[in-house]
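Participant: This is the structure, below, for whatever I ask next.
The values are calculated or read from the model by the stated rules, or taken from the named source; none is laboratory data. Since the structure is predicted, the reported quantities are computational estimates derived from the model, not experimental observations. Please note: Cβ atoms are built from the backbone with ideal geometry, for glycine as well, and neighbour counts cover all protein chains shown. Surface areas here come from the heavy atoms of the whole protein model, side chains and all, with no ligands, DNA or RNA. Shrake-Rupley method; radii C 1.70, N 1.55, O 1.52, S 1.80 Å.
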Amino acid sequence: MKKISILGAGWLGNPLALQLKSNGNQLKVSTTTPEKISFFNDNGIESFIVNVGSNSDTENLNNLLTDVDILIITIPPGRSKPSESTYVDRIKSIIPFIEKHDIKNVLYTSSTTVYLSLKGNVNEETPIVPISEMDQQIFEIENLLLNNQNFNATVLRLGGLIGEDRHPVKFIVKRETVDDANNPVNMIHRTDIIRFLEKIIENEIPNDVFNIVAPINLNRRDFYTREASKLGLSPLPKFTDNPNADMRKVSGEKISNKYGIDYLYLLD
């Protein structure tokens, strides 16, 4: 049994907590939604209201991080107002608490958007040149965690997120046109993310970066057409190819090879 805290029990953190609990681990989670407290309590998971970056939640953050083997950070960037702290500031504010409670293993769910400036085939060894402010912030957070000498940090760069209750094709079919239809698809199903996280947690947490992206050998046109057919969605928008498309394909092979498990969802 491992003692695990999840900071941000939302779309990914919620089912992840339930799965890790079912595996025999001891779980604590944070949420920003008071209504979820009773749900987690009913499932034997201790929960706390934590708004990261808010001084008023210091006591709850301390409770969340006390006596923990592994901290999983699944807080998405979101959109900050000019008066609010930046995403970097919010995540950076957690680090002193991690050090204070002597947590030695941290997993951070990042994003493959850090590769947006690149073209062609990319992997974890490809040099990154972030172009947008948010990509710069995500990349800065990755390095803050990876370079901290007080704990091991595993950075997981997730592809476009898909789950039973979340699928981009539902929005795609509402468009009149879809550009860059010849571009590759870099997606990942929530169930596969949880499978890989389970495997990492079973082993020693490495100080490393992994992409989690399903090996889908379809372009956007073929992928969305297939997924729309599965869900019975129509009519489809007009798909337009781009002769100068970036053709960026993110490899998720490294984590699959390291842990000896294959992707199961969204495959051809």
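Participant: What order do you get for 120-133, 37-50 when each peptide is scored by the mean count of other beta carbon atoms within 10 Å, highest first?
Facilitator: By packing density, highest mean first, the sequence is 37-50, 120-133.
Participant: Note down the net charge around Glu125, summing +1 for each Lys or Arg and -1 for each Asp or Glu among other residues with Cβ under 13 Å from its Cβ.
Facilitator: -1
Participant: Within the set Lys3/Lys100; Lys170/Lys199; Lys2/Lys100; Lys104/Lys258, which residue pairs have Cα atoms separated by over 24 Å?
Facilitator: Those over the limit are Lys170/Lys199.
Participant: Would you mind working out the magnitude of the charge dipole of the chain relative to its Cα centre, with +1 at each Lys and Arg C-beta and -1 at each Asp and Glu C-beta, to the nearest 20 Debye? It would help to have the intermediate numbers written out before the result.
Facilitator: Working: 29 positive and 34 negative charges, 112 e Å.
The calculation lands at about 540 debye.
Participant: How charged is the neighbourhood of Ile255? Take every other residue with its Cβ under 15 Å from the Cβ of Ile255, and add Lys/Arg as +1 and Asp/Glu as -1.
Facilitator: Around Ile255, the surrounding residues sum to -4.
Participant: Given the Cα-Cα distance of Ile37 and Lys2 and 0.36 nm per residue of separation, how much length would full extension add, in nm?
Facilitator: Extending this stretch completely gives an extra 10.4 nm.
Participant: If you don't mind, there's one more thing I want to ask. Describe numerically, in nm with one decimal, the distance between label points set 7 Å from Cα along Cα→Cβ at Ser93 and at Thr58.
Facilitator: Spacing of the two 7 Å Cα→Cβ label points: 1.2 nm.
Participant: Between Val88, Val68, Val173, find the one with the highest GNM mean-square fluctuation for the chain; connect C-alpha pairs within less than 10 Å.
Facilitator: Of the options given, Val173 has the highest mean-square fluctuation.
Participant: Let me ask something else. State the answer as a single residue: which of Asn217, Asn121, Thr66 lies farthest towards the positive end of the charge dipole of the chain, with beta carbon charges of +1 for Lys and Arg and -1 for Asp and Glu, about the Cα centre.
Facilitator: Asn217
Participant: Quick one: if the Förster radius is 35 Å, what FRET efficiency do Gln19 and Asn217 give, using the C-beta to C-beta distance and rounding to 0.05? Provide the component values of the computation, followed by the final result.
Facilitator: Details: r = 28 Å, r/R0 = 0.81.
With a Förster radius of 35 Å, E is 0.80.
Participant: Could you tell me the center-to-center distance, by alpha carbons, between the stretch 157-180 and the stretch 98-136 in angstrom?
Facilitator: Here the two parts' Cα centres lie 22 Å apart.
Participant: Probe radius 1.4 Å, ligands and nucleic acids ignored: give me the carbon and sulfur share of the accessible area of the stretch 1-66 as a rounded percent.
Facilitator: 46 percent
Participant: For Asn203 and Asn244, FRET efficiency with R0 = 51 Å and r from the beta-carbon atoms, rounded to 0.05?
Facilitator: 0.75
Participant: Taking the solvent-accessible surface of protein heavy atoms with a 1.4 Å probe, what is the per residue accessible area of the stretch 152-268 in Å²?
Facilitator: Result: 48 Å² of accessible area for each residue.
Participant: Between Lys174 and Gln136, what FRET efficiency comes out of the Förster formula 1/(1 + (r/R0)^6) with R0 = 25 Å and r the beta carbon distance, rounded to 0.05?
Facilitator: Approximately 0.20, to the nearest 0.05.
Participant: Give me the dipole magnitude in Debye, nearest 20, for the stretch 116-227 about the Cα centre, with unit charges on the beta carbon: positive for Lys and Arg, negative for Asp and Glu.
Facilitator: Dipole size: approximately 500 debye.
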